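The block underneath contains the structure these notes are about, expressed in structure tokens.
The values are calculated or read from the model by the stated rules, or taken from the named source; none is laboratory data. Remember, it's a predicted structure, so these values are computed and weren't measured experimentally. In this analysis, Cβ positions are derived from the backbone assuming ideal geometry, glycine residues included, and neighbour counts consider all displayed protein chains. To get the accessible areas, we keep the full protein, side chains included, count just its heavy atoms, and leave off ligands, DNA and RNA. Shrake-Rupley method; radii C 1.70, N 1.55, O 1.52, S 1.80 Å.
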Amino acid sequence: MSTAQQVPDILSPEFAANPYSAYRVMRETAPLIWHEPTQSYIISRYEDVERVFKDKKSEFTTDNYNWQIEPVHGKTILQLSGREHAVRRALVAPAFRGSDLQEKFLPVIEHNSRALIDAFRHTGSADLVADYATRFPVNVIADMLGLDKADHPRFHRWYTSVIAFLGNLSGDPEVTAAGERTRVEFAEYMFPIIRERREKPGDDLLSALCAAEVDGVKMSDEDIKAFCSLLLAAGGETTDKAIASIFANLLLHPDQLAAVREDRSLIARAFAETLRYTPPVHMIMRQSATEVELSGGTVPSGATVTCLIGAANRDESRYSDPDRFDIFREDLTSATAFSAAADHLAFALGRHFCVGALLAKAEVEIGVGQLLDAMPDLRLAEGYDPVEQGVFTRGPQSLPVRFTPVAD
């Protein structure tokens with residue numbers, strides 16, 4: 001097994017500036033690293049990360065979430081296992097697939113996207129991150145839950161502090177304190193609304209969660225609050241980064257942008273390839289339930305395992321020419337890219353596969369399509385080079401574009 005000294009440290013500025021070259025070194029020479037600062041074993045090869053996520057032998061747990069996410073969200077579905085997990089997932093999953101998604105929430109997605117685009121469609125310029133991506137998924141989730149979109153600044157501040165807490169690999173005490181404050185503030189905001197929906201249900205997701213029952217089990221106020229907190233953070237940050245990254249990737253590959261503009265069915269391919277090439281979430285942690293042999297050595301029982309999605313998704317043994325963005329690649333299946341049968345790792349896999357994957361796909365397909373309609377000659381602002389930022393989650397912090405306004 002290697003030590004962190006032999007490869008670029010995941011907490012270093014060099015790594016943050018460009019993790020992909022470090023990922024290559026890890027995969028080739030140090031597929032299992034003991035990382036002292038995070039007290040975790042780091043894995044980077046596709047076969048190892050896939051094995052941890054699928055966990056067919058029950059070798060790994062999400063017990064690490066007890067300290068990693070519970071301080072900011074409360075106890076969430078991610079921490080549950082067995083029957084308890086299955087029942088909770090059955091309570092929340094219907095809203096994110098099938099008829100509920102199609103009938104209830106597609107109009108919400110379309111309306112929210114159009115409202116944001118209407119604010120800049122006549123100006124000829126926009127920052128696709130500040131003006132659209134950071135707002136769109138949070139507005140959709142707020143509408144789905146029946147929350148007041150006037151509270152958007154609070155939602156954004158809360159999910160930003162939660163994501164900062166989750167990515168606080170260096171243990172900054174101020175970031176920790178801000179995350180823990182968010183849990184208190186969000187609970188104070190949500191509990192009165194949850195009580196009101198139990199008494200006077202509406203036609204929104206929050207009311208559905210209050211009423212949902214599987215095998216005689218209902219969600220408690222705390223369950224619902226924790227799920228809403230998770231939904232805002234996970235659904236906000238990841239879709240925000242995904243939309244920004246899709247456009248950054250397409251703008252840097254004009255031939256592929258032209259192909260997507262011409263054939264909108266390619267948006268799903270562009271999303272799938274973006275999830276592989278520049279995933280919004282670069283690392284997810286698990287905990288070993290037993291001693292496990294992985295590439296490069298042995299992980300002891302009870303250890304934290306940091307799974308590098310960003311590295312695994314560029315593994316040369318899994319993808320041809322993995323450092324090339326190519327929406328037409330034949331070793332990535334867009335038809336299954338948003339299901340637990342995905343052949344990329346950006347949504348995880350197995351029983352903890354992202355419950356909101358189809359919601360994210362709907363948001364991206366609608367949002368990208370509407371943006372392309374509004375900006376037919378979309379181009380980067382002169383002299384601007386999109387730069388990714390972040391370690392735990394990663395994406396462009398800004399994406400200024402220019403276009404010729406079109407009549408409605």
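If only one of Ala360, Ala381, Ala374 is open to solvent by less than 30 Å² (accessible area, probe 1.4 Å) and in contact with a Cys (Cβ under 9 Å, 6 or more places away or on another chain), which one is it? One residue alone meets the criteria, Ala360. Scanning the range 145-182 for residues that are open to solvent by less than 30 Å² (accessible area, probe 1.4 Å) and closer than 13 Å to Gly236 by Cα returns His152, Phe155, Trp158, Tyr159, Ser161, Val162, Ile163. Selection within the range 384-408: residues that are touching a Ser or Thr at 6+ places or on another chain (Cβ under 9 Å) and of a type in the set (Ser, Thr, Tyr). The member of this set that is least open to solvent (accessible area, probe 1.4 Å) is Thr393.
Against the condition under 21 Å from the mean Cα position of the chain (by Cα), over 25 Å from Gly236 (Cβ atoms) and touching a residue at least 24 places away in the same chain (Cβ under 8 Å), how does Thr304 come out, does it pass? Criteria met by Thr304. Just wondering, is there one or more residues in the range 223-233 that are in contact (Cβ under 8 Å) with a residue 40 or more places away in the chain and closer than 26 Å to Tyr23 by Cβ? Yes, some residue in the range 223-233 is in contact (Cβ under 8 Å) with a residue 40 or more places away in the chain and closer than 26 Å to Tyr23 by Cβ. When you look at Ala93, is it open to solvent by less than 30 Å² (accessible area, probe 1.4 Å), at pLDDT 65 or above, over 17 Å from Thr239 (Cβ atoms) and in a helix (DSSP H, G or I), yes or no? Taking the combined requirement at face value, the residue satisfies it.
For residues that are open to solvent by 30 Å² or more (accessible area, probe 1.4 Å) and assigned to a helix (DSSP H, G or I), scanning just the range 235-258, find the one that is farthest from Asp377 (Cα to Cα). Show your work before the answer.
Of the residues in the range 235-258, the ones open to solvent by 30 Å² or more (accessible area, probe 1.4 Å) are 238, 252-255, 258.
Pick out the ones that are also assigned to a helix (DSSP H, G or I) and you get 238, 254-255, 258.
Working: Thr238: 27, Pro254: 11, Asp255: 13, Ala258: 10 Å.
Among them, the one singled out is Thr238.
Within the range 217-234, not a single residue is surrounded by fewer than 23 Cβ atoms within 10 Å (Cβ to Cβ), within 30 Å of Arg276 (Cα to Cα), at pLDDT 90 or above and of a type outside the set (Gly, Ala, Ser).
Could you please find all residues in the range 259-313 being within 21 Å of Phe338 (Cα to Cα), touching a helix residue (DSSP H, G or I) at 6+ places or on another chain (Cβ under 8 Å) and open to solvent by 40 Å² or more (accessible area, probe 1.4 Å)? Passing the criteria: Arg264, Arg269.
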